[in-house]
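Notes follow once the structure below has been shown.
The values are calculated or read from the model by the stated rules, or taken from the named source; none is laboratory data. These figures come from a predicted structure and were not determined experimentally. Here the Cβ is made from the backbone with ideal geometry for all residues, glycine too, and neighbour counts use every protein chain on show. The accessibility values were calculated without ligands, DNA or RNA, using every heavy atom of the protein model including side chains. Shrake-Rupley method; radii C 1.70, N 1.55, O 1.52, S 1.80 Å.
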Amino acid sequence: MFQKHLGRRSRGVLLSILLSVVLVAGGWTAFETFVQPGGNRGGLRPSQQVKSSHGGSSSLPDGEDSQSLRFVGTSLGALALGAFGCLGLRARERLVRQSRGGYDSGEELRLPEGCIIGDLSEGCVEYWATPCAEMTVGVLKETALQSGTKEIEKRVSATPASVKMLQAEGFRVVVQAGAGVNAEFSDDDFREAGAEVLPDAKAVMHQATIIFKVRPPSEKEVGAMRKDTILFSMVYPAQNEKLVEKLKEKNITCFAMDQMPRTLSRAQAYDVLSSMANIAGYRAVVEASHHFGRFCAGQFTAAGKVDPAKVLVIGAGVAGLAAIQQAKNMGCVVRAFDVRPTTREQVVAAGGEFLEVNINEDGSGTGGYAKEMSKEFIDAEMELFRQQCAECDIVITTALIPGKPAPKLLKKEHIDGMKAGSVVVDLAAETGGNVETTRPGEIYEYNKVTHVGLSLYEHMPSRMPAQASFLFANNMAKFLCSMGPKNFFFIDYDDVPTRGSLICRQGTVTWPWTPPAPAPTPAPKEEEVAEQEPVAQISPEEESFNSTASAAAWVSFVVVALLLAGTAGSTMTTMLTTLALALIGGAQVVYGVVPALHSPLMSVTNAISGLTVVGGVLMMGGGLMPETLSQWLAALAALVSMVNVGGGFVMTRRMIDMFKRDTDVSQFPELYALPALLFVGLYGAGSYFGIMDLAQESQMVYLVASMMCIGAISGLSSQQTAQFGNAMGLSGVLGALAGTLGLAYAQGASSAVLTQIAVVLAAGTGLGIGVASQVEITSLPQLVAAFHSLVGLAASLTAVGSALQHSSTDAMHATSEYLASGIGALTVTGSMVAFAKLQGLVGGNAKLPGGNVLSGSLAAAVAAGLYAFLQPPIPGFELQTLLAGTAAAAGLGLVVTSQVGGADMPVAITLLNSASGWALAAEGFVLSNNLLLGR
């Protein structure tokens, strides 16, 4: 244990002490020898009387004993001074490092030789970062009163769950007594989570290195904090300049959570504003329905028809979208308006009708907020609001501009035109409100219209304290844990979330901060713009004719293509029939999936795509180990496919479990193991006893497996049947594996090869389950993207292995091999880029220069490679052509996906999921396997 902790710093201290002893000894010897040889040293008498232990005295001669005594005394003194000096220097470095919070561009760091910033090796990392075990996180009880209502803030900045997260990183956590009582977290809950509960705020601030708060601290709280404290809290520096000055004077390093860059994909996990806005939008509809005197949903009763309430939401940000979704769920007719046209799709997806004005002007601003609009646009906007206010029963406004008063969107005349009993919820009340008649922090009635002036970030979240605290605390803990490598803390100025939220540091105000501008793109060459001829207007009849003609042309093309494909023989006809029916069935069941289950749907379809293992298993050979290159490729394809299968179904189950509540009745999913056991068991037993033929019965097994996989997609159409869907997918894949093993045995696979197959399948499954079980739930979407790449890799490996085994194939198989390898490679690189962007490894807006030209060139290269593969200009170079086309397809996936922004990456992942399915279908044509086509 001692050697483990004896790092470079400890060895340096010991070396300094040893050098001090040597220097003092040498200096003293030289002084004795050359300066005062035989003289009276230091004014002492020739003999020194020392009282003996027997009460007498003994005389020490002026010789070696006297010199040795003085030498030892002086050496011990120097030794003590050296040790205390080195320890003091070490303590000072630790204090400097703690106040610095980690590395800061390398200034004032005394790094040992061979150690650089970012080096995580033992004996180096502690020079530029602080061990989390040396830091204490203090959680204060909120004391701020809400404006207007004078209610006390009920949220808390840490929960038992976030305390465990912090402790796993190494932090010690202390909590003020009663901090979570208003949010339904008792002191005992915090103690059980491992935190220490202290009696008052003074005790917490005395021990804490880092302070967590929800609301901005008061001047009194700042005064009670220790110097060099690190504060994480909402601050609103533009509105609280005096507070920022106080923090500066107290030498406090402060991270304002409200200044977190909101457009960075990685920062979404730390974005408390989005978390609180989501709650505020939901709560706004709840508050409105409470004050609204009628039903929200329409009803037909014996007493008469009740129309649904009409809701207008102004502003389609996070809060607005949450309000739209909740109002739609309550049965209201929802309309929404936003000056940013890009929000149209989000509004429609949430269930609202997107309203527009007849002026083409984009209101998208920086940081995800809207910008100020022109006078013409505002006039048209006001007229639209006048019409809508007269029709709607509930109006919810959410428009905010950072650091500025909220824009006035509804004037007094708009409110005067509303029906009696209507409700207005102004979530922008904290900065003046969007409604001219709003009273911030108050609920009152004007002209028989109830005004709810409860603000977005102050009042609404505090009215759902348990939920708000859970999200807020998770954001805070994840942000703190992200600041440094595992078990260490440091402040990295190159990290955008860290630098963007840092407003003050050790007596220096670092806010406002302007992110570094991206590299300027070269100005396009000026070209002469030819005069455009006026485009003739198309009549409705012509537009209808063109639409019908286009549809008829596509149908004709499909008919001709299928008839021509039929000339290839009955095998091709059978496989195309299977593929067509699978496409139609899959499209129908996918249309029924609710939006909330899209992520589990992608996860389970990705797991089913792991049936690429079938191709790998059927091509495996040799003995206990593969013997040829094609057999090694097949084994590797089977391994990565099973990683995808094992991890995919675990991810799906974890995603589905997110929707479960403690009060939900169990669905007893373990009972779904019965059909799976019957499926596999009957097939195995029938084959063992000779009741069925392995090769022939495997085709029926494949049919049952395909039906189960389609049932899996259908089951994920609702939360009630999601467990059924996951179980059917898993049963289908297990049955397909059983049928494939039976087919391999029927084709002559030896016991050694079967053992090899079993080891590969077990290893891949175990690895996939292990990875998917350990990843945090918030990282599952990017893990799905990473697993997509495994399906593509397996398809490419199988195609190349097939080409190695069968050099001379017909045109159908050759085309299938090329497409399987190319689409698989495209899926690999595209999925890895998507993973890197979602994980924050590269910027969400990172793009390759000249991407459009490059992608077009690569697509042309892929097409040319297919022609060359089918009609090789040089015989014997088919494999090289296949590999070159695969490389071009991989480059195409890299370039195309890199052009997609971080916000649109989920759409890209969906398309990549589709590409993996097409790669699997191409592999089915290569192997003439109906199971892969029917997937």
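Looking only at the range 847-898, residues that are surrounded by fewer than 18 Cβ atoms within 10 Å (Cβ to Cβ) and hydroxyl-bearing (S, T, Y) come to 2 in all.
Residues of the range 444-465 that are of a type outside the set (A, V, I, L, M) and crowded, with 20+ Cβ neighbours inside 10 Å: T450, H451, G453, S455, Y457, E458, H459, P461, S462, P465.
Filtering S779, S807 for residues that are among the hydroxyl-bearing types (S, T, Y), modelled with pLDDT under 85 and not in a helix (DSSP H, G or I) leaves a single hit, S807.
Of all residues in the range 245-261, those satisfying the criterion of being in a loop (DSSP other than H, G, I, E, B) and in contact with a Ser or Thr (Cβ under 7 Å, 6 or more places away or on another chain) are I252, M260.
Residue-by-condition table, conditions (1) within 33 Å of the chain's Cα centre (by Cα); (2) modelled with pLDDT of 85 or more:
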{"residue": "G856", "(1), (2)": "yes, yes"}
{"residue": "A861", "(1), (2)": "no, yes"}
{"residue": "L870", "(1), (2)": "no, no"}
{"residue": "G876", "(1), (2)": "no, no"}
{"residue": "T881", "(1), (2)": "no, yes"}
{"residue": "T886", "(1), (2)": "yes, yes"}
{"residue": "A890", "(1), (2)": "yes, yes"}
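Could you tell me how many of the residues in the range 610-620 are closer than 17 Å to A744 by Cβ and open to solvent by less than 10 Å² (accessible area, probe 1.4 Å)? The qualifying residues number 7. Looking only at the range 274-283, decide whether some residue is free of Cβ contacts under 8 Å to residues at least 12 places away in the same chain and either in a loop (DSSP other than H, G, I, E, B) or surrounded by 19 or more Cβ atoms within 10 Å (Cβ to Cβ) (or both). No; the residues of the range 274-283 include none that is free of Cβ contacts under 8 Å to residues at least 12 places away in the same chain and either in a loop (DSSP other than H, G, I, E, B) or surrounded by 19 or more Cβ atoms within 10 Å (Cβ to Cβ) (or both).
The sole residue among K419, K404 that is at pLDDT 90 or above and touching a helix residue (DSSP H, G or I) at 6+ places or on another chain (Cβ under 8 Å) is K419.
On inspection, R215 does not qualify as among the basic types (K, R) and under 30 Å from P112 (Cβ atoms).
Comparison of G421, G441, G403 shows that the only residue that is within 24 Å of L145 (Cα to Cα) and surrounded by fewer than 16 Cβ atoms within 10 Å (Cβ to Cβ) is G403. Every test in (1) open to solvent by less than 10 Å² (accessible area, probe 1.4 Å); (2) within 25 Å of the chain's Cα centre (by Cα); (3) in contact (Cβ under 8 Å) with a residue 40 or more places away in the chain is passed by V204 save one, and that test is (2).
For the range 655-674, the criterion of being closer than 21 Å to S789 by Cα and surrounded by 13 or more Cβ atoms within 10 Å (Cβ to Cβ) is met by at least one residue. Just one residue in the set F185, F232 is of a type in the set (F, W, Y), part of a loop (DSSP other than H, G, I, E, B) and either open to solvent by 10 Å² or more (accessible area, probe 1.4 Å) or in contact (Cβ under 8 Å) with a residue 12 or more places away in the chain (or both); that residue is F185. Considering only residues in the range 119-148 that are open to solvent by 50 Å² or more (accessible area, probe 1.4 Å) and under 27 Å from the mean Cα position of the chain (by Cα), the one that is modelled with the highest pLDDT turns out to be A133. Take the conditions (1) touching a residue at least 12 places away in the same chain (Cβ under 8 Å); (2) open to solvent by 30 Å² or more (accessible area, probe 1.4 Å); N360 misses just one of them, which is (1). Among residues of the range 119-139 that are closer than 20 Å to F212 by Cβ, those with a Cβ under 7 angstrom from a residue that is surrounded by 18 or more Cβ atoms within 10 Å (Cβ to Cβ) and among the acidic types (D, E), sequence gap 6+ or separate chain, pair up as C132/E169.
Considered as a group, the residues in the range 623-653 that are of a type in the set (S, T, N, Q) and over 17 Å from Q805 (Cβ atoms) include one that is modelled with the lowest pLDDT, and that residue is T652. Of all the numbered requirements in (1) at pLDDT 95 or above; (2) open to solvent by 30 Å² or more (accessible area, probe 1.4 Å); (3) under 30 Å from L454 (Cβ atoms), A158 misses one, and that requirement is (2).
Within the range 711-736, the residues that satisfy the criterion of being more than 19 Å from N644 (Cβ to Cβ) and either in contact (Cβ under 8 Å) with a residue 40 or more places away in the chain or in a loop (DSSP other than H, G, I, E, B) (or both) are S714, S717, S718, Q719, Q720, T721, A722, Q723, F724.
Name the single residue, out of those in the range 304-317 being in a strand (DSSP E or B) and open to solvent by 10 Å² or more (accessible area, probe 1.4 Å), that is modelled with the lowest pLDDT. Spell out how you get there, then give the answer.
Going through the range 304-317, the residues in a strand (DSSP E or B) turn out to be 304-306, 310-314.
Now restrict to residues that are open to solvent by 10 Å² or more (accessible area, probe 1.4 Å): 304-306, 310.
Details: G304: 82, K305: 85, V306: 88, K310: 96.
Going through the qualifying residues, I end up with G304.
In the range 218-229, what residues are of a type outside the set (S, T, Y) and open to solvent by 10 Å² or more (accessible area, probe 1.4 Å)? Selection gives E219, K220, E221, G223, A224, R226, K227, D228.
Quickly run through the range 318-338 and pick out the residues that are outside any helix (DSSP H, G or I) and surrounded by fewer than 24 Cβ atoms within 10 Å (Cβ to Cβ). Full working, then the answer.
Here is the first cut: in the range 318-338, the ones outside any helix (DSSP H, G or I) are 330-338.
Within the range 318-338, M330, G331, V333, R335 qualify.
Any residue at all in the range 719-737 that's β-branched (V, I, T) and either at pLDDT below 80 or open to solvent by less than 20 Å² (accessible area, probe 1.4 Å) (or both)?
yes
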